[in-house]
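> What follows is a single structure, and I will ask about it in a moment.
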Amino acid sequence: MVVTATDSITPNQANPLLKGFSEVAAPAEVSWLPQTLGWQLVLLLIVSYLLYRVYLIAKRYIANAYRRAALVKLLQLGDEATDVQKIPQLLRRTALYAYDRELVTPLIGNDWEQWLDQECKGATFAANCPGILNQLAYAPDIAIEPSKLVVFKQQVAHWIKNHRGQHD
């Protein structure tokens, strides 16, 4: 028998050994959803946990908005005398946002620097920048060496990023 291009080849013609076989039906699709109550509860717990973690991350992000705003303001301040004199006010406002007013407002001078050091691991205002905060806040004109100014700004940025407020 000669097969032409218009004829179709049946399985019996292609392989005579398959003559008695019939086609197997494909199984129904398997559902990816859990079928039993226990697995549904496990899935519910996992989804609930993930939603709770997203909530905590969003809450922390919103609560730290004052830090981001303070860091942006610090970066906007230049090295001019009028800009540098705004740094103690920025630091005080940041501390007032993170801590109770009754705790922060009475602190001045060396007590203020020591308190800043206590509230942030790695902050060294009292050791590396003694008196600079007080001078910038209350002196009409102050000249700070550029190297000390860089260290001072780094200390302020470090404190803003890493302090632990009462609500953290």
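> Within the chain, which whole H helices from DSSP have a Cα span along their axis of at least 27 Å and a mean Kyte-Doolittle hydropathy of -1.0 or more, if any? Don't skip to the end; give the middle numbers.
Working: long enough: 37-63 (38 Å, 1.35).
Helices passing the filter in the chain: 37-63.
> Can you give me the three principal axis dimensions of region 65-162 from its C-alpha atoms, in Å, biggest first?
That works out to 32, 27, 24 Å along the principal axes.
> Of all GluC sites (Glu not before Pro) in region 74-168, which ones are in loop regions per DSSP and have a Cβ with at most 10 other Cβ atoms within 10 Å? It would help to have the intermediate numbers written out before the result.
On the way: sites: Glu80, Glu102, Glu113, Glu119; in loops: Glu80.
For GluC sites (Glu not before Pro) across region 74-168 that sit outside H, G, I, E and B with at most 10 neighbouring Cβ atoms in 10 Å, the list reads Glu80.
> Let me ask you something else. Per the Kirkwood treatment, what hydrodynamic radius in Å, one decimal, follows for the chain from the mean inverse distance over all distinct Cα pairs? Intermediate values should be presented prior to the final figure.
Working: mean 1/r = 0.0456 Å⁻¹.
One decimal place: 21.9 Å for the Kirkwood radius.
> Within the chain, what is the number of lysine pairs with alpha carbons under 26 Å apart, leaving out pairs fewer than eight places apart on the same chain?
Eligible lysine pairs with Cα atoms under 26 Å apart amount to 17.
Taken together, the values in this text are just the output of simple stated rules run on the coordinates, not laboratory data. Note that this is a predicted model, so its numbers are computed, not measured. Note that each Cβ is placed from the backbone with ideal geometry, even for glycine, and that neighbours are counted across all protein chains shown.
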